[in-house]
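What follows draws every value from the coordinates through simple rules; no lab data is involved. From a predicted model like this one, the values you see are computed outputs, not experimental measurements. Backbone-built Cβ (ideal geometry, glycine too); neighbour counts: all protein chains shown.
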Amino acid sequence: MYTESVRYYDKIYAFKDYKAEAERLVAIIRENLHTGGKRLLDVACGTGIHLEHLKELFEVEGLDVSEEMLESACQRNPGVMFHQGDMVDFSLSRTFDVVTCLFSSIGYMKTVENLGRAISCMVRHLVPGGVLVLEPWFTIKDWCSNTVYASFIDEPDLKIARSTQTWLWDAYLILTCTT
């Protein structure tokens with residue numbers, strides 16, 4: 001999916017405060033974790049920016065379907081173990097105290113069946129008392145129907161215009177994005 005855009009991915013999402021998100025995530029984990037362990041798997045880790053902040057407190061690993069994303073994550077996080085796999089059916093030889101699936105990645109599950117398979121797969125990789133953190137695409141309070149958003153990158157050698165339009169259709173959330 002990201003073969004062509006991986007080199008622009010971090011620039012497109014430069015508005016994200018990954019450090020603050022990681023700090024909030026750590027607070028959620030500390031409040032809910034009952035294992036005493038520190039092993040964390042980030043499913044759909046992308047270019048590994050969340051792991052860059054989380055590796056200070058956890059023994060982290062990442063998993064992503066995109067080989068190109070994993071190459072970027074490895075460069076950013078030398079010494080961290082990364083796995084290529086699909087969140088619906090990956091199988092690692094170990095379990096973790098924390099499994100995360102951040103930045104709306106769970107939204108790529110296009111069917112209820114695959115959503116269930118992905119969540120089940122992540123849960124199978126948790127130790128008893130572990131924590132699974134899924135970040136949704138949108139929360140109810142953040143959703144604005146019939147809205148257009150745009151972001152722009154205007155650098156000397158790079159010009160990107162990205163627009164997103166949202167609406168509800170027959171009780172389904174529809175999000176379209178053009179880059």
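Stretched out straight at 0.36 nm per residue, the stretch from V133 to F152 would grow longer than its current Cα-Cα span by 3.8 nm. If you take the Cα centroid of segment 93-143 and the Cα centroid of segment 22-55, the two points sit 13 Å apart.
Think of each Lys and Arg Cβ as +1 and each Asp and Glu Cβ as -1; about the Cα centre, that makes the dipole of segment 6-134 roughly 180 debye.
So, in nm, how far is label R94 from label A20 when the simple model puts each one 7 Å beyond its Cα toward the Cβ? About 3.3 nm separates the two model spin labels.
With R₀ fixed at 35 Å, the C-beta to C-beta distance from S145 to I28 puts the FRET efficiency at about 0.80. For segment 33-104, trypsin sites (Lys or Arg not before Pro) meeting the loop criterion (DSSP other than H, G, I, E, B) and having at most 13 other Cβ atoms within 10 Å: R94. Taking 0.36 nm per residue of sequence separation and removing the Cα-Cα distance, the Q75/S120 pair yields an extension gain of 13.2 nm. Each label was represented as a point 7 Å from its Cα along the Cα-to-Cβ direction; for I12 and K110 these points are 1.7 nm apart.
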